[in-house]
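Notes follow once the structure below has been shown.
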Amino acid sequence: MTERPVTLITGASSGIGAALAWCAAGAGHDLILTARRGDLLATLAEALTARHGGRVLTIAADLAEPDGADQLVNEILASGWHVDQLINNAGLGASGPLAEMPPAQLTGLLQVNLVSLTTLTRLLLPSMLARGHGGVLNVASLAAFQPGPLMAAYYASKAYGLSFSEALHEETRGTGVRISCLCPGATSTGFAREAQMEQSRLFRQGTATAESVARAAWRGFQRGQRVILPGWKTKLTALLSHWTPHLLSLRLVRALHGG
Ligand SMILES: NC(=O)c1ccc[n+]([C@@H]2O[C@H](COP(=O)([O-])OP(=O)(O)OC[C@H]3O[C@@H](n4cnc5c(N)ncnc54)[C@H](OP(=O)(O)O)[C@@H]3O)[C@@H](O)[C@H]2O)c1
């Protein structure tokens, strides 16, 4: 019997991460699902195995903790699992003027969106390279393409995710390991509520579903696409962001966030 590939998904308790878990299970992968809400992970794992079979390991972990990513990898290895594919999906937003943001909220955002994503990639990439297959999918955002007044740290964290992924895509070319970056636009998940931006123009003008974003992401990732822009609206917005004068795009993004 051939061994089933193992995909690790962070932020798998809801939204795009949970939808990606269904894509991976449907493609015959065993799964390691992680997030803070272990109860949601357990319910999802049960539903996935009932529908698709295979093994699912769930690990409750807080990636906002400075050693969260190291502890997660230690726990995976101690459980006797390895990782073929890493999906760095966990992420959070925070809206409002930076000067009014609680410092702990800002540190948590940077730790999850940027530091843990980088640490997990650093820890898991060497074994993929040694095996000559596997991959990393980092979930950034359309926010990666321009600065975001009234969401400055979030937009900058996603620009980091995109830059980091594109550089690694080139660094690993020819190794058999795929590095992709997903850049979704507004998507209906728990994200907008958590970031206190449900009433912003951005989310009132229509959103994609987590399932459609995950399907496009999974397809692009398996093909080794460098940047994945799910849906025509997302592709068009990314294209326009390259052509819009910088000052205008700063004003437009500020207006989108209700300022
Ligand atoms: N929704 C959008 O409009 C949109 C657009 C572009 C990009 N994205 C990106 O898509 C990714 C997924 O977000 P989503 O839209 O699916 O929102 P979501 O439903 O809120 O999912 C976020 C996931 O991240 C996990 N997470 C948050 N803080 C964490 C922490 N400290 N430690 C571990 N896990 C943590 C959450 O799990 P727990 O709460 O259980 O820990 C949850 O599973 C994020 O990177 C987000 O930036 C979203």
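Read-outs: derived from the displayed coordinates by stated rules, not from any lab. In this text, all values refer to a predicted model and were calculated from it rather than measured experimentally. Cβ atoms come from the backbone with ideal geometry, glycine included; neighbour counts cover every protein chain shown.
Shape verdict for the stretch 204-259, please, from the Cα gyration tensor: rounded (a/c under 1.5), prolate (a/b greater than b/c) or oblate.
oblate
Mind checking the dipole of the stretch 1-105: about its Cα centre, +1 per Lys or Arg Cβ, -1 per Asp or Glu Cβ, Debye to the nearest 20?
About 380 debye.
Which order results if Trp218, Trp243 are arranged by neighbouring Cβ count within 10 Å, fewest first?
Going from sparsest to densest Cβ surroundings: Trp243, Trp218.
Along the charge dipole of the chain, pointing to its positive end and built from +1/-1 on Cβ of Lys, Arg, Asp and Glu, which listed residue (Ile179, Leu120, Thr107) has its Cα farthest out?
Checking the options against the dipole of the chain, the answer is Ile179.
Which residue fluctuates the most in the chain, going by a Gaussian network model with Cα springs under 10 Å, if the choices are Leu202, Leu162, Leu247?
Leu247
Suppose every Lys and Arg Cβ carries +1 and every Asp and Glu Cβ carries -1, with no other charges. What dipole size does the chain come out with about its Cα centre, to the nearest 20 debye?
It comes to approximately 960 debye.
Identify the trypsin sites (Lys or Arg not before Pro) of the stretch 1-103 meeting these criteria: DSSP loop state and at most 14 other C-beta atoms within 10 Å of the C-beta. Intermediate results must be reported in sequence, preceding the final value.
Working: sites: Arg36, Arg37, Arg51, Arg55; in loops: Arg36, Arg37, Arg55.
Answer in residue order: Arg37, Arg55.
Looking at the chain, do any whole DSSP H helices span at least 18 angstrom along their long axis by alpha carbon and average -1.0 or above on Kyte-Doolittle, and which? Numbers along the way, then the final one.
On the way: long enough: 38-52 (20 Å, 0.39); 117-131 (21 Å, 0.87); 152-171 (28 Å, -0.25); 210-223 (20 Å, -0.60).
What comes out of the filter, once short or polar helices are dropped, is 38-52, 117-131, 152-171, 210-223.
Would you please classify the overall shape of the chain from the alpha carbon gyration tensor, given that a ≥ b ≥ c denote the square roots of the eigenvalues, rounded means a/c under 1.5, and beyond that prolate means a/b larger than b/c while oblate covers the rest?
In terms of gyration-tensor shape, prolate.
In deg cm²/dmol and to the nearest 500, what is the mean residue ellipticity at 222 nm of the chain if only DSSP H runs of at least 4 residues count, each as -39500 (n - 2.57), divided by the residue total?
Result for the chain, helices only: -15000 deg cm²/dmol.
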